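As structure tokens, the structure follows; a few thoughts come after it.
What follows is calculated from the coordinates using simple rules that are stated; it is not laboratory data. Since this is a predicted model, take the numbers as computed values, not measurements. So basically every Cβ, Gly included, is an ideal-geometry build from the backbone, and we count neighbours across all protein chains shown.
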Amino acid sequence: MQSEEFIIAAAEQFAKQELEFDPSGHDWWHVHRVRKLALELARHEGANLFICEIAALLHDVADEKLNESKEIGLYKVRSWLITQRVEDSMIQEIMTIISTLSYNGGKNPPMETIEGKVVQDADRLDALGAIGIARTFLYSGIKGQLLHLPEKDFQNVDYRSNHKTAIYHFYEKLLKIKGLLNTNKAKEIAESRHRFIEVYLEQFYREWELEDL
């Protein structure tokens, strides 16, 4: 196995190569923020820093939204880890984290390791607050979704459907995240970010209904 420092530097370059120009909110800067959040949470939780950092760096390289399929994305990352001569046990742990990280409508099984919980929390925190709002509208625009359809019921529409609206995504995911976080530190960080989303929606509806006239 290469040194951990070498593999981390290589993973950073691999992630940049794959995601630097992604226009959907899953770009290198998202990965950069998730990495920093994951390391901060890992230190608080006593988690393995190397596992957390590599999983954070590579999590969106495998994302099914950015690949032809989930399987192809996971194969790409596993193959890369093998070329870096990462230990088999570490590869398995990293791939388990990445394969169950996605929100996916809240349907994925819970993380079993503290490293998985840390990286999942880091990724979910980046879907909150001002950044989370910006990423929601960016992704909705890329997918050609409408902004808002008052009183439209999307509850029985598939989670990945492009027929839903940007504002509906706040309710199917963003506002639920705070209650799904694993670690105390992540829950602490989430408080202000969650409240910012609530305040934003209050203002959005005031303007939508022209109540501010």
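Observations on the model:
- Here the Gaussian network model covers the chain, with springs between Cα atoms less than 10 Å apart; of 143, 107, 36, 107 fluctuates the most.
- Cα-only radius of gyration and Dmax that characterise the range 17-138, units Å: 13.6, 39
- With semi-axes defined as the square roots of five times the eigenvalues of the C-alpha gyration tensor, the equivalent ellipsoid of the range 4-208 measures 30, 19, 15 Å, largest first.
- Taking all Cα pairs closer than 8 Å and separated by 6 or more residues, the relative contact order of the range 34-144 comes to 30 percent.
- Spin-label model, residue 72/residue 100: points 7 Å from Cα along the beta carbon direction are separated by 2.6 nm.
- Dipole magnitude (debye, nearest 20) for the range 33-126, charges at Cβ of Lys, Arg, Asp, Glu: 160 debye
- Within a straight-line Cα-Cα reach of under 13 Å, residue 70 can be paired with the following aspartates and glutamates, leaving aside sequence neighbours fewer than 8 residues apart in one chain: 60.
- Listed residue pairs exceeding 20 Å between alpha carbons, taken from 107/164; 117/143; 65/152: 117/143; 65/152
- For the chain, a Gaussian network of Cα nodes joined below 10 Å ranks 92, 155, 84 by mean-square fluctuation, and the top entry is 155.
- Dipole of the range 47-198, positive end: most advanced residue of 79, 113, 101 [Cβ charges, Cα centre]: 101
- Sequence-separation-based contact order of the chain, relative, with Cα cut under 8 Å and 6+ spacing, percent: 20 percent
- Cα gyration tensor shape of the range 79-158, rounded if a/c is under 1.5, else prolate or oblate by comparing a/b with b/c: prolate
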